[in-house]
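Rule-based calculations on the coordinates, nothing more; no lab input. Every value quoted in this text rests on a predicted model; they were computed, and no experiment measured them. Neighbour counts run over all protein chains shown; Cβ positions are idealised from the backbone, glycine included.
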Amino acid sequence: MRSYPFWPAKIVNPPPVKEEVLNSTKGMHKKKSSTTRKGQHYVFFFGSENHAWILDENIVPHSEEMLNKVSKKKSASYVKAIEEIVEASSLIVPKPKPVKENHAERDELTKNSTAVQKPVKIAKTPPIKGVKSRKKSTIPLVKRGRTPKQKIKPAKTEKSPEKKDLIEKTEELSPLEKLRRMSDDYSSLISSTPNNAYPQVAVIRPLEHRSMADRLYYELPPLPSLDFSNTLCPLIKANVSATSKKIGFIGLGMMGQRLVRNLLLSGHDVSVWNRTPEKCQECVAAGAKHFLTPADVVWNCDVIFCCVSGPEAAKSLVFEKWGIVQGLVNSEPGSKGYIELTSMDPVTSQEICAAITNKGGKYLEAPISGRRSLAEDGLIMALVAGDREFFDDCLSCFSAMTKISYYVSSTVGEASLINLSLSTAKGGTHASLSESVTMLERAKLSMSDFLKVLELGPMKNSFLQEKFKATIEKFFLTDDTLKYQQKNLKISLAVSNEHNHPVELTSAAHEIYKYATFLRYSEHDVSAVYCGVKY
C-alpha cells in the first residue's frame, strides 16, 4: 500500500452516515459517526474507482513531475487513471451566466478547497464510468495508504475579499482560460489544448560526444611513390661498408620498403617476404630476392630483420607454421640472428627472444623511431637491446638504415620500454598541439603569428613546426601514421596497467586518437589528430 505511487484522484464529499438507534441502560438514544476528519479528506481514485480517507500531507496538486517519478512500466490501472483525470479536467464547461452565491455557499466551497494551494472555483464534471459526480471537487494526486481514524471536526477558513473576487472572475472565464489556470495551479501535464494525446512522449535526440553540424572530412593525400631505380645513395650513407652476411627482411610496409631500399643502395644482399606478395615486386626489381615463407627467408639468410604493424603480427610470424621458429629448427645453432624492429611491449619482446634463443638463434630488439621522410633518407633512430656481439656484427645494416643506433643494454625489454615512453611523449605532444590550434581558431587569432613565436621561442623545433603547418593547412599527408601512434599509446596504457602506474594524460590523449580513428583518419598523418580535437 505504501509502495503505491502518487495516484490521480479527486476530493469528494464523504458518503451520508446512517443513524442507528441503540439500547442502553440509560434508555434509547441515537449514535451518529463524524462525517469529517481533521487533517484528512475523502478521496475518489481514478482508474480503480475506490474511495478512502487520505491524510492532507499525502495530497498534492496534480503535476507532471509527480507522474514522471513513476517507472516507465506503468500498470494498466495507472494508465487508465491518468486518462480519466485528463478527461475530467478537459471537460470543464462554463456556466451560461454568472451566478452570485451567498456567503454560506462560499464558506462551504472554501472547506472543500483547503487541499489546494490556490483555491479556484472548479465547475462540475460529468460522471466517469458509473461514478456519481460530486460538487466542488478538486483533482489532486494523493499518496495511497492507510490512515489513522480521527474524529475531529475540520477547521473553518475565513474567505478574504480578494479570494471572493477571484472566484467571481473565474466563473466568467472561458474553458480554455480555466484550463490554463488549472495548469498553473495543478499540472503542466494538462495542456491548453484539451486532451492532447496523453500520455506525452518525449522525443530524445541520440547523444553525441561532438556535434555533427560542421564536421568536414579531409581526404588522404596520395603518398608519393618510392623510386627504387634511383641509384644515388643518401650522402650520409656514402661511407657505409656492406657486410658479407646475407640479409633477410620481413614486412614491406611504408617504413619497411624504405629500409630495404637503403640496404640495397648501400650494397647489401637482401631477400624479402611480405604477406602481400605484390609489395615485393619493386624490391625484386631493385635487386632483392623473394621467398615464399618466413621460414625460407631464415634458411637462406644470416640476419633477419622484421618490421611489421605490431606485437600481434610479430608473434604470428615467429610462432606460426612456416614461421621464424620453424626456420631455425634445421639451422646450425649460432648461425642465424633475428632483429625485431617492431614497436612492442617488453613482455612480447622477451617471449620472442626466448623462442629464438631456445632454437639456437641470436636476438636483438631494435624498435625504430622516426617518420616516413626520415626513413627514406636513413635518418631514423633505433634503440637496441640484447646480444652485444650480434649488434656489432650488424653495424653496417644499422648504419645504412638509421642515423643513430643506440645500444641500451643486454637486457631484452628495456629498449622497448624506452621506445614506448618516447612514443607516449610524442603522442601527447601532437594532441596538445592540436588543442592549441583549435583554441587559436576559436579566438580567431593569426596562425602565422603563433608559428613565428614558435620559431623564435625556446620551443623552436622542426618536428613541431612541420606538424603545426600540416595542421593549419589541413594537409595530412602520411609521414607518421596516426594508427601506429594510437597503437603505441594503447601498448603504453597496457604496460602502465601491469605496473599499476597511473597515466591520466596518456589515457586522455589515447581517447582523442581513438575518436580521430573513428572519423576515418587512421591512415592519415598523425597531425590529423586535430580532427579528433576539433570535432
> In the stretch 289-369, which trypsin sites (Lys or Arg not before Pro) are in a loop and have at most 15 other Cβ atoms within 10 Å, using DSSP for the loop call?
Replying inline: Lys321
>> Show me, for the stretch 521-535, the HN-Hα J-couplings you get by feeding each phi into the Karplus relation (A = 6.51, B = -1.76, C = 1.60, θ = phi - 60°), rounded to Hz, glycine and proline as x.
In response: 10, 5, 8, 7, 5, 4, 5, 6, 4, 3, 5, x, 7, 5, 10
>> Can you compute 3J(HN,Hα) from phi for each residue in the stretch 308-325, using the Karplus curve 6.51 cos²θ - 1.76 cosθ + 1.60 with θ = phi - 60°, rounded to whole Hz and x for Gly and Pro?
In response: 10, 6, x, x, 5, 5, 5, 5, 4, 5, 6, 9, 6, 5, 6, x, 5, 4
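Would you kindly state how much longer the chain becomes between Glu455 and Val79 on full extension, computed as 0.36 nm times their sequence separation minus their alpha carbon distance, in nm to one decimal?
Working: separation 376, 0.36 × 376 = 135.36 nm, distance 6.98 nm.
That pair, Glu455 and Val79, stretches by 128.4 nm at full extension.
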> If you place +1 on the Cβ of every Lys and Arg, -1 on the Cβ of every Asp and Glu, and leave all else neutral, what size is the dipole of the stretch 428-481 about its Cα centre, to the nearest 20 Debye?
Replying inline: 180
>> Under the rule of at least 5 residues apart or a separate chain, name every residue whose amide H is placed under 5 Å from the amide H of Lys246.
In response: Asp302, Val303
> Once a ≥ b ≥ c are taken as the square roots of the eigenvalues of the Cα gyration tensor of the stretch 476-523, is the result rounded (a/c under 1.5), prolate (a/b larger than b/c) or oblate (a/b not larger than b/c)?
Replying inline: prolate
> Taking H as built 1.01 Å from N, whose amide H comes closer than 5 Å to the amide H of Tyr407, not counting residues under 5 places away?
Replying inline: Val384
> When Trp299, Trp322 are ordered from fewest to most other Cβ atoms inside 10 Å of their Cβ, what list results?
Replying inline: Trp322, Trp299
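Could you pull out the pairs from Lys469/Lys490; Lys279/Lys426; Lys279/Lys321; Lys321/Lys487 whose alpha carbons sit more than 24 Å apart here?
Lys469/Lys490; Lys279/Lys426; Lys321/Lys487
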>> Rounded, prolate or oblate for the stretch 352-434? Axes are the square roots of the Cα gyration tensor eigenvalues, ordered a ≥ b ≥ c, and the cut-off for rounded is a/c under 1.5.
In response: oblate
> What are the residues whose amide H is under 5 Å from the amide H of Ile59, where those residues sit 5 or more places off or on another chain and H is modelled from the backbone?
Replying inline: Lys143
>> Restricting everything to alpha-carbon atoms, can you work out Rg to Rh for the stretch 275-342 with a Kirkwood hydrodynamic radius?
In response: 0.96
> Which ³J(HN,Hα) values, rounded to whole Hz and listed in residue order, are derived for the stretch 439-445 from phi using the Karplus coefficients 6.51, -1.76 and 1.60 in 6.51 cos²θ - 1.76 cosθ + 1.60 with θ = phi - 60°, glycine and proline given as x?
Replying inline: 5, 5, 5, 5, 7, 6, 9
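Shape verdict for the stretch 398-535, please, from the Cα gyration tensor: rounded (a/c under 1.5), prolate (a/b greater than b/c) or oblate.
Judged from the Cα gyration tensor, the stretch 398-535 comes out prolate (a/c at least 1.5, a/b above b/c).
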